[in-house]
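Everything below concerns the one structure shown next.
Values quoted throughout were computed directly from the atomic coordinates according to the rules given, and no laboratory measurement underlies them. Computed from a predicted structure; not experimentally measured. With ideal geometry, Cβ positions are generated from the backbone for all residues, glycine too; neighbour counts draw on all protein chains shown.
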Amino acid sequence: MLTESQGCAVLRESFLAAGYDIHDNVPFSEGPIRFQVDGFDPVARVGFEFITTEAGDRTELNQDMIAQIEQRIAQGDLFLLLVDEYDVENEEELRLHAERFLDLVASHRRARKE
């Protein structure tokens, strides 16, 4: 299993490679969504959260907040990749999650411009 720092390093690398200006440990507070995002580009409103027990994320991010985040993603005004440490076995699998998410964000943005 990946540690918090290993997972965040993989995700950070993927998001930077996609052209995002990722800031680490960004306090996020909009309505009922209030937590420290592992990596976030505040201008593009794109980021990631690697959910680990080690970082206490399971207490900070409750099911209601995750539902609110997912609703905002569906509306297209916020894009946060939420990956639980238990859903990935290694760095390659985590990188694949990031690539799929970043492809989704890119296609959503292209569709909005059309």
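Structure data summary
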{"read-out": "Low-density loop cleavage sites - GluC sites (Glu not before Pro) in region 27-62, where at most 16 other Cβ are within 10 Å (DSSP)", "value": "Glu54"}
{"read-out": "DSSP bridge orientation in the chain - percent antiparallel, rounded to nearest 5", "value": "60 percent"}
{"read-out": "Spin-label proximity, Glu114 to region 90-107 - amide N less than 15 Å from point 7 Å beyond Cα toward beta carbon", "value": "104-107"}
{"read-out": "Choice from Gly39, Gly56, Gly76 showing the highest fluctuation, given a GNM over the chain with Cα pairs closer than 10 Å", "value": "Gly56"}
{"read-out": "Directionally averaged projected area (convex hull, Cα atoms, the chain), nm²", "value": "6.6 nm²"}
{"read-out": "Segment Ala9-Asp21, extension gain: residue separation times 0.36 nm, minus the distance between their alpha carbons", "value": "2.9 nm"}
{"read-out": "Point-charge dipole on Cβ atoms (K/R +1, D/E -1) for the chain, about Cα centre, debye to 20", "value": "680 debye"}
